1. Scan region 30-58 for residues that are crowded, with 16+ Cβ neighbours inside 10 Å, at negative phi and part of a loop (DSSP other than H, G, I, E, B) and jot them down.
2. Exactly one condition in (1) over 18 Å from residue 33 (Cβ atoms); (2) without any contact (Cβ under 8 Å) to a residue 40 or more places away in the chain; (3) out of contact with any helix residue (DSSP H, G or I) (no Cβ under 6 Å at 6 or more places or on another chain) is not met by residue 194; state its number.
3. Can you confirm whether residue 168 is at positive phi and surrounded by fewer than 19 Cβ atoms within 10 Å (Cβ to Cβ)?
4. Can you name the number of the only condition in (1) surrounded by fewer than 18 Cβ atoms within 10 Å (Cβ to Cβ); (2) free of Cβ contacts under 8 Å to residues at least 60 places away in the same chain; (3) in a loop (DSSP other than H, G, I, E, B) that residue 13 fails?
5. Evaluate the following for residue 179: is it farther than 13 Å from residue 6 by Cα and in contact (Cβ under 8 Å) with a residue 12 or more places away in the chain?
6. Any residue at all in region 75-88 that is out of contact with any strand residue (DSSP E or B) (no Cβ under 7 Å at 6 or more places or on another chain), surrounded by fewer than 18 Cβ atoms within 10 Å (Cβ to Cβ), under 23 Å from residue 190 (Cα atoms) and modelled with pLDDT of 95 or more?
7. Which ones in region 90-121 are part of a loop (DSSP other than H, G, I, E, B), within 20 Å of residue 174 (Cα to Cα), touching a residue at least 24 places away in the same chain (Cβ under 8 Å) and touching a strand residue (DSSP E or B) at 6+ places or on another chain (Cβ under 7 Å)?
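The values are calculated or read from the model by the stated rules, or taken from the named source; none is laboratory data. Quantities reported herein were computed from a predicted structural model and do not represent experimental measurements. For neighbour counting, all protein chains shown are included, and Cβ atoms are generated from backbone atoms with ideal geometry for every residue, glycine included.
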């Protein structure tokens, strides 16, 4: 399946239109969102506009909260069917698992989901905060796995965001680490969930006016 992976939108005014245009143009089969749709958890009107796009186009979405998805926005999102916070969800042939809890700026306040250890194996693992100590982060897709680390019951890929300019593909053992660029900068990535092929994309290319709207 082809997935659109997004993170760190931070209520960007210009994001929603290019996001909608991309979905209409490319028709991904699912969306994986690793948090920070807004700033400080108060912009429920922005969330409503985002939800309207998802509902109108009927594209499955899976989401975990970021450190800015607090307060009213978190309460609304965690009740929606697309929240995988602390859960395992099966979609097609894929297992999608979400980190549990809402992180703070430094990554405190989160824990691994309450699932069986073996259920994490070969899953797509979503977290806002990226893992530590992964190797060979590059701003393009590659297959240079870390042969020095051997993990049991590891996910096949972990997808995260949080650090806006620090993005790319790396590895912990054989687990691929997809560190997403910020939707705030109109950047995203596509993922083939079977082959794990990643492509980073500039969503401003999907602005019909061919003009980036700055906040």
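1. Passing the criteria: 34, 37, 38, 39, 43.
2. Condition not satisfied by residue 194: (2).
3. Against the criterion (at positive phi and surrounded by fewer than 19 Cβ atoms within 10 Å (Cβ to Cβ)), residue 168 does not qualify.
4. (2)
5. no
6. No, region 75-88 contains no residue that is out of contact with any strand residue (DSSP E or B) (no Cβ under 7 Å at 6 or more places or on another chain), surrounded by fewer than 18 Cβ atoms within 10 Å (Cβ to Cβ), under 23 Å from residue 190 (Cα atoms) and modelled with pLDDT of 95 or more.
7. Result: 99, single match.
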